[in-house]
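Asks: One structure coming up, written as structure tokens, with questions to follow.
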């Protein structure tokens, strides 16, 4: 059931989509800078250019193995911060409290919802122009994304903008596809997705002065409609299941949860001298 008591629909290839989405985070993707290594307790992944990007997708950790697991994580990632994902709700119910008791910080859950219809119509908005991002316009995308996620019109810090641009340029050269919606000449909202038979929408943000005008909905409906036109197997969006936007994602037709995870944060241990 959804939040309105309606029966949630399942994608006809739900099980295959679950395996596909899970594999995205457990496979090395050199074009995007990610290296993944299967180890005893799970898959350990990091980004080549981001020292604090350590990630572990848990695969086999018994509660009494938690101290050994965390020691291995600290050793492998050289005592840097590590995100720990548990993508099975039953395992999370047992192992999660053990990780918290061992000093890990619990973070938000994340869900991946597949669109199961109906197909949205492409809307015409005379007040909005939508353009595909290129290497020449990626800076506009990065600034809108940072402002939108920060809920602030303050200019992003130079270091944050530089890191964002490095990531988006790498993605543009690979599977990343980005859109900017402009109101007049002003970049107002952005949408980013990875292209393929299964499209993943992973960035959707609107600057605060342009909210409540349907701009993000306009972008998302256009991408979903295009996915159907291109014959994609699915279009998936990832979001915080406790956050407000999930309600209108579901109303738009994103109703089938094909992947879920809870994240924990392992902070560096303090070395006393």
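Throughout, read-outs are computed from the coordinates displayed, never taken from laboratory work. The structure presented is a predicted model; accordingly, all values stated were derived computationally and were not measured. So basically every Cβ, Gly included, is an ideal-geometry build from the backbone, and we count neighbours across all protein chains shown.
Asks: Kindly work out what percent of the DSSP beta bridges joining two residues of the chain are antiparallel, to the nearest 5. Write down the numbers at each step before the final one.
Replies: Values: 47 of 55 bridges.
Within the chain, antiparallel bridges account for around 85 percent of the total.
Asks: Starting with the fewest neighbours, write out 104, 232 ranked by other beta-carbon atoms found within 10 Å of each beta-carbon. Don't skip to the answer; put the middle values down first.
Replies: Numbers: 104 21, 232 17.
Ascending number of Cβ neighbours within 10 Å: 232, 104.
Asks: Let me ask you something else. If I take every Cα pair under 8 Å that is 6 or more residues apart in the chain, average their sequence separation and divide by the length, what percent do I get for the relative contact order?
Replies: Numbers: 474 pairs, mean separation 72.5, N = 273.
Once divided by the residue count of the chain, the mean separation gives 27 percent.
Asks: Could you tell me how far the Cα centroid of region 230-245 sits from the Cα centroid of region 132-194, in Å?
Replies: Comparing the Cα centres of region 132-194 and region 230-245, I get a distance of 19 Å.
Asks: Modelled label-to-label distance, residue 136 and residue 155, 7 Å Cα→beta-carbon offset: nm?
Replies: For residue 136 paired with residue 155, the spin-label model returns 2.3 nm.
Asks: If you take every DSSP beta bridge whose two residues both sit in region 1-111, what share of them, in percent to the nearest 5, is antiparallel? Mind showing how you got there, number by number?
Replies: On the way: 11 of 15 bridges.
Just about 75 percent of them are antiparallel.
Asks: Give me the angle, in degrees from 0 to 90, between the Cα long axis of helix 89-101 and the longest principal axis of the Cα atoms of the chain, rounded to the nearest 10.
Replies: It is inclined by approximately 60 degrees.
Asks: Still on this structure, I have one more. What percentages make up the Cα-Cα pair-distance distribution of region 92-184 when the bins are 5 Å wide from 0?
Replies: 2, 9, 14, 13, 15, 15, 13, 9, 5, 3, 1, 0
Asks: Right, another one. Principal axis lengths of region 78-144 from Cα atoms, whole Å, largest first?
Replies: The principal-axis extents, from largest down, are 55, 36, 17 Å.
Asks: Another one. Starting from the 7 Å offset along Cα-to-Cβ, what nm value, one decimal, do you get for the label separation of residue 94 and residue 16?
Replies: 3.2 nm
Asks: Shifting gears a bit: Note down the nm distance, to one decimal, between modelled labels 7 Å out along Cα→Cβ at residue 27 and at residue 186.
Replies: Here the modelled spin labels are 4.2 nm apart.
Asks: How big is the shadow of the Cα convex hull of region 129-252, averaged over all directions, in nm²?
Replies: Details: hull surface 31.0 nm².
Mean shadow area of the hull around the Cα atoms is 7.8 nm².
Asks: State the label only: which of (i) 58; (ii) 61; (iii) 52 corresponds to percent of Cα pairs over 23 Å apart computed from the shown model?
Replies: (i)
Asks: Still on this structure, please answer the following. May I ask you to derive the FRET efficiency for residue 62 and residue 106 from their Cβ-Cβ distance with R0 = 25 Å, giving the value to the nearest 0.05? Walk me through the numbers on the way to the answer.
Replies: Numbers: r = 19 Å, r/R0 = 0.78.
The formula returns an efficiency of 0.80 here.
Asks: Related question: In nm, what is the difference between 0.36 nm times the number of residues separating residue 75 and residue 230 and their Cα-Cα distance?
Replies: Working: separation 155, 0.36 × 155 = 55.80 nm, distance 4.54 nm.
Extra length available between residue 75 and residue 230 comes to 51.3 nm.
Asks: If each residue's Cβ is checked for other Cβ atoms within 10 Å, how do 99, 146 rank with the fewest at the top? Intermediate results must be reported in sequence, preceding the final value.
Replies: Details: 99 24, 146 21.
In order of increasing Cβ crowding within 10 Å: 146, 99.
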